[in-house]
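What follows is a set of notes on a single structure, which appears directly below.
The values are calculated or read from the model by the stated rules, or taken from the named source; none is laboratory data. Every value quoted in this text rests on a predicted model; they were computed, and no experiment measured them. Backbone-built Cβ (ideal geometry, glycine too); neighbour counts: all protein chains shown. Ligands, DNA and RNA are excluded from the accessible area calculation, which covers all protein heavy atoms including side chains. Shrake-Rupley method; radii C 1.70, N 1.55, O 1.52, S 1.80 Å.
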Amino acid sequence: QRERPAMAASREAIFTLRKALDKQGATDQILSVILDGSFANRTLLAEPIERTHITCRCRRNARLRFGDSSGQCGRFYAPGTFSPDSIRTDHAAYPYAEASIRLTASSITVRYKDIGNVYWPGAARRRPLRLLMVAQTHHKSKGTKGQAPTFDSDTYHIITTDLERPAHEIIQAAFDRWQIEVAHREQKTVFGIGDAQVRNAQSVQRQPAFAVACYSLLHL
């Protein structure tokens with residue numbers, strides 16, 4: 001881990017996936033990578049990856065800045081900083097818009113704010129970013145027996161390098177990312193990935209990979 005930190009390994013994995021898509025003829029397609037808040041750092045955000053956009057959760061107290069539009073020579077950032085949480089509370093300058101988001105078999109309406117010309121010097125240097133703030137959501141549904149008939153989500157701050165994609169598509173992708181957490185839980189608790197005791201050194205990598213393949217086949 002000291003030789004290749006987790007973030008560096010993640011960046012390499014994204015490069016590998018981009019190359020794999022190109023080999024399959026998807027050279028004209030944009031790869032959209034959806035990550036959680038731990039990936040909102042300089043390793044992934046500062047340096048662009050060709051034909052790839054990074055979207056991840058942003059902490060509410062991050063120190064962001066706007067680009068300067070005054071035309072003053074030598075000034076890149078606008079004076080002062082702001083946080084995603086300050087955008088959430090400023091309804092006069094940044095009113096809410098609405099979007100319909102799919103949630104399992106039904107759809108819900110979420111309120112969001114779409115802020116462009118955003119910079120995060122600490123994590124992305126001078127690379128332009130986009131901030132999406134999704135308001136706290138309370139959704140009532142019929143549900144199923146034994147399950148709560150409501151869906152609650154906290155305020156969701158999203159930072160992305162994708163400056164052109166429609167906001168509702170990025171928000172949908174961010175909501176869909178939760179399926180990864182469900183998959184991890186099922187693979188660890190039900191399939192017991194990482195619990196097997198093996199003797200052959202090759203089995204250390206092959207056994208978890210085989211278990212993941214079985215899990216994928218079950219869904220397929």
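What tally of residues in segment 161-187 results from selecting those that are among the basic types (Lys, Arg) and surrounded by 13 or more Cβ atoms within 10 Å (Cβ to Cβ)?
Keep residues of segment 161-187 that are among the basic types (Lys, Arg), which gives 165, 177, 185.
Checking the rest, the ones that are also surrounded by 13 or more Cβ atoms within 10 Å (Cβ to Cβ) come to 165, 177.
Summing the residues that are among the basic types (Lys, Arg) and surrounded by 13 or more Cβ atoms within 10 Å (Cβ to Cβ) in segment 161-187 gives 2.
Restricted to segment 150-159, and to residues that are modelled with pLDDT of 60 or more and surrounded by 12 or more Cβ atoms within 10 Å (Cβ to Cβ), which residue is nearest to Arg75 (Cα to Cα)?
At the first step, the residues of segment 150-159 found to be modelled with pLDDT of 60 or more are 153-159.
Narrowing further to those that are surrounded by 12 or more Cβ atoms within 10 Å (Cβ to Cβ): 153, 155-159.
Working: Ser153: 39, Thr155: 33, Tyr156: 31, His157: 27, Ile158: 27, Ile159: 23 Å.
Once the filter is applied, the top-ranked residue is Ile159.
Mind listing whichever residues of segment 160-201 are in a loop (DSSP other than H, G, I, E, B) and either touching a helix residue (DSSP H, G or I) at 6+ places or on another chain (Cβ under 7 Å) or under 24 Å from Ala123 (Cα atoms) (or both)?
Initially, segment 160-201 is screened for residues in a loop (DSSP other than H, G, I, E, B), giving 161-166, 177, 190-201.
The answer is Thr161, Asp162, Leu163, Glu164, Arg165, Pro166, Arg177, Phe191, Ile193, Gly194, Ala196, Val198.
Kindly indicate whether any position in segment 45-57 is assigned to a helix (DSSP H, G or I) and either touching a Lys or Arg at 6+ places or on another chain (Cβ under 8 Å) or in contact (Cβ under 8 Å) with a residue 60 or more places away in the chain (or both). Steps first, answer last, please.
Going through segment 45-57, the residues assigned to a helix (DSSP H, G or I) turn out to be 45.
After this cut, where a residue has to be either touching a Lys or Arg at 6+ places or on another chain (Cβ under 8 Å) or in contact (Cβ under 8 Å) with a residue 60 or more places away in the chain (or both) as well, the list is 45.
Scanning segment 45-57, I find at least one residue that is assigned to a helix (DSSP H, G or I) and either touching a Lys or Arg at 6+ places or on another chain (Cβ under 8 Å) or in contact (Cβ under 8 Å) with a residue 60 or more places away in the chain (or both), so the answer is yes.
Against the condition open to solvent by less than 50 Å² (accessible area, probe 1.4 Å), over 14 Å from the mean Cα position of the chain (by Cα) and modelled with pLDDT under 85, how does Gly194 come out, does it pass? Spell out the reasoning first.
Values: open to solvent by less than 50 Å² (accessible area, probe 1.4 Å): no; over 14 Å from the mean Cα position of the chain (by Cα): yes; modelled with pLDDT under 85: yes.
For Gly194, the condition - open to solvent by less than 50 Å² (accessible area, probe 1.4 Å), over 14 Å from the mean Cα position of the chain (by Cα) and modelled with pLDDT under 85 - is not met.
Just give me the residues in segment 97-134 being open to solvent by 30 Å² or more (accessible area, probe 1.4 Å), in contact (Cβ under 8 Å) with a residue 40 or more places away in the chain and not in a strand (DSSP E or B), in sequence order.
Pro121, Gly122, Arg125, Arg126, Arg127, Pro128
So which residues in segment 45-65 are buried (at least 16 other Cβ atoms within 10 Å of the Cβ) and polar (S, T, N, Q), if there are any at all?
Thr52, Thr55
Filter segment 84-96 for residues that are part of a loop (DSSP other than H, G, I, E, B) and touching a Lys or Arg at 6+ places or on another chain (Cβ under 6 Å); which is nearest to Asn117 (Cα to Cα)? Quick ask: steps written out before the conclusion?
Going through segment 84-96, the residues part of a loop (DSSP other than H, G, I, E, B) turn out to be 90-96.
Pick out the ones that are also touching a Lys or Arg at 6+ places or on another chain (Cβ under 6 Å) and you get 94, 96.
Values: Tyr94: 14, Tyr96: 18 Å.
For segment 84-96, the residue satisfying everything is Tyr94.
Considering only residues that are touching a helix residue (DSSP H, G or I) at 6+ places or on another chain (Cβ under 7 Å) and assigned to a helix (DSSP H, G or I), look in segment 1-44 and name the one that is most open to solvent (accessible area, probe 1.4 Å). Outline the logic, then answer.
Residues of segment 1-44 that are touching a helix residue (DSSP H, G or I) at 6+ places or on another chain (Cβ under 7 Å), as a first pass: 7-8, 10-11, 29, 31-34, 39-44.
Going one step further and asking which of them are assigned to a helix (DSSP H, G or I), we end up with 7-8, 10-11, 39, 42-44.
On the way: Met7: 45, Ala8: 34, Ser10: 29, Arg11: 40, Phe39: 44, Arg42: 102, Thr43: 56, Leu44: 1 Å².
Applying the filter and picking the extreme gives Arg42.
Does Ser83 fit the bill of being without any contact (Cβ under 8 Å) to a residue 60 or more places away in the chain, farther than 16 Å from Phe175 by Cβ and among the polar types (S, T, N, Q)?
Numbers: without any contact (Cβ under 8 Å) to a residue 60 or more places away in the chain: yes; farther than 16 Å from Phe175 by Cβ: yes; among the polar types (S, T, N, Q): yes.
So Ser83 fits the description; yes.
For segment 87-96: of the residues being of a type outside the set (Asp, Glu) and open to solvent by 50 Å² or more (accessible area, probe 1.4 Å), which is nearest to Arg60 (Cα to Cα)? Let's see the steps before the verdict.
Taking segment 87-96 as the starting set, the residues that turn out to be of a type outside the set (Asp, Glu) are 87-89, 91-96.
Adding the requirement that they be open to solvent by 50 Å² or more (accessible area, probe 1.4 Å) leaves 88-89, 91-96.
Details: Arg88: 9, Thr89: 12, His91: 16, Ala92: 19, Ala93: 18, Tyr94: 16, Pro95: 18, Tyr96: 17 Å.
Applying the filter and picking the extreme gives Arg88.
Yes/no matrix, rows are residues, columns are (1) modelled with pLDDT of 90 or more; (2) under 23 Å from Ile87 (Cβ atoms); (3) hydrophobic (A, V, I, L, M, F, W, C):
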{"residue": "Tyr112", "(1), (2), (3)": "yes, yes, no"}
{"residue": "Ser141", "(1), (2), (3)": "no, no, no"}
{"residue": "Ala148", "(1), (2), (3)": "no, no, yes"}
{"residue": "Leu218", "(1), (2), (3)": "yes, no, yes"}
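Specify the residue that is farthest from Ala135 (Cα to Cα); the eligible residues are those in segment 66-81 that are open to solvent by 20 Å² or more (accessible area, probe 1.4 Å) and part of a strand (DSSP E or B).
That would be Tyr77.
Can you confirm whether segment 155-172 contains a residue that is out of contact with any strand residue (DSSP E or B) (no Cβ under 6 Å at 6 or more places or on another chain), within 24 Å of Ala62 (Cα to Cα) and polar (S, T, N, Q)?
Yes, segment 155-172 has at least one match.
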